[in-house]
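Participant: My questions all concern the structure below.
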Amino acid sequence: MTEPALALVEFDSIAAGIVAGDAMVKKAPIARIVAGTVHPGKYLVMVTGEVGPVQEALAAGLAVGGPAVVDHVYLPGVHPDVPASIAAARRPRPVEALGIVETASAAAAIHAADAGLKGAQVTLLELRLADGLGGKGLAFFTGSVTDVEAAVDIACGAIADSGHLVNALVIPQLHAEMAENLLDATRFRQRAGGL
C-alpha cells in the first residue's frame with residue numbers, strides 16, 4: 001500500500017547524504033527510508049509515511065544537508081503510480097501519444113510525474129532517475145494526444161521555477177517500432193543485447 005506522503009532529497013555529496021539520511025530517519029517515525037548512490041556521484045534519500053513525520057524528516061535532511069542539497073521534492077498526497085515507478089514498475093500498454101519530460105534532477109522528475117498524473121488522464125509509462133542518465137530524470141506519459149499534452153504542460157508548470165527542466169516534448173502518434181523499443185526498455189544497452 002502506498003503511503004500518503006513522499007519526500008526525496010538529492011545530494012551532490014555521498015557522505016553528506018548519508019549523514020542527512022541518518023538525521024531524517026532519527027527525526028520522525030517514517031514508514032520507510034530508501035537511500036543510495038546514483039550517477040554521477042550523487043546520493044538520494046527518499047522517505048515515505050504519514051504527512052507530518054515525512055515533513056519533519058525532510059526539514060531535518062535539508063538542514064543537515066545544507067549546501068550539498070541539489071534538489072528536493074515533498075509530495076504530501078503522492079499519486080500511487082509515482083512510488084511504483086520509482087520502484088521500477090513499468091506500465092507497458094499500447095502507446096497512442098508519448099509525452100517526455102526531461103529534468104536535470106531526480107527530484108524534479110518525481111515532482112513533474114506526480115503533477116502530470118494528477119492533472120490529466122494519462123499513464124506513467126516510466127520514471128527514470130539519474131542512473132544511466134548523467135544525473136537527469138525522465139518521465140514518460142502515455143494516453144490520448146490531448147491528455148498527454150495536458151500532462152506535459154502541467155508537469156512543466158510544476159517545476160518551471162526550479163530551473164531543472166531540460167526539455168519536454170509530445171509525440172502525437174509514436175511509430176510502432178519506436179513504441180516497441182520504449183515498452184521493452186529505455187536503456188540502449190539492454191535493447192542492443194540481442195544483436
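Quick note: the coordinates plus some simple rules give every number you see, no bench work behind them. Values in this document were obtained by computation on a predicted structure and should not be read as measured data. A quick note on method: Cβ atoms are made from the backbone with ideal geometry, for glycine too, and the neighbour counts reach across all protein chains shown.
Participant: Between Ser144 and Ala15, what's the calculated FRET efficiency when r is the beta-carbon distance and R0 is 30 Å? Round to 0.05. Could the numbers behind the result be given before it?
Facilitator: Details: r = 46 Å, r/R0 = 1.55.
It comes to 0.05.
Participant: Shape of segment 81-192 from its Cα gyration tensor (a ≥ b ≥ c, root eigenvalues): rounded if a/c is under 1.5, otherwise prolate when a/b > b/c, or oblate?
Facilitator: Judged from the Cα gyration tensor, segment 81-192 comes out oblate (a/c at least 1.5, b/c at or above a/b).
Participant: Additional query: Per DSSP H run of at least 4 residues, take -39500 (n - 2.57); add these up for the chain, divide by its residues and hand me the 222 nm value, nearest 500 deg cm²/dmol.
Facilitator: Helix-only estimate at 222 nm: -12000 deg cm²/dmol.
Participant: For Ala88 and Ile33, compute 0.36 nm times the residue count separating them, minus their Cα-Cα distance, and round to one decimal in nm. Write down the numbers at each step before the final one.
Facilitator: Values: separation 55, 0.36 × 55 = 19.80 nm, distance 1.64 nm.
This chain segment gains 18.2 nm when fully extended.
Participant: For the chain: lysine pairs with Cα atoms under 28 Å, gap of 8 or more or different chains, count? It would help to have the intermediate numbers written out before the result.
Facilitator: Values: Lys26/Lys42; Lys27/Lys42; Lys42/Lys136; Lys118/Lys136.
Qualifying lysine pairs in the chain: 4.
Participant: In the chain, with Lys and Arg counted as +1 and Asp and Glu as -1 at Cβ, which of these residues, Leu6, Ala16, Thr123, has the Cα nearest the positive end of the dipole, that is, farthest along it?
Facilitator: Ala16
Participant: Taking the radius of gyration and the Kirkwood hydrodynamic radius from Cα positions alone, what is the Rg/Rh ratio for segment 5-75, to two decimal places? Before the final figure, lay out the partial values.
Facilitator: Working: Rg = 10.5 Å, Rh = 11.3 Å.
Radius of gyration over Kirkwood radius for segment 5-75 works out to 0.93.
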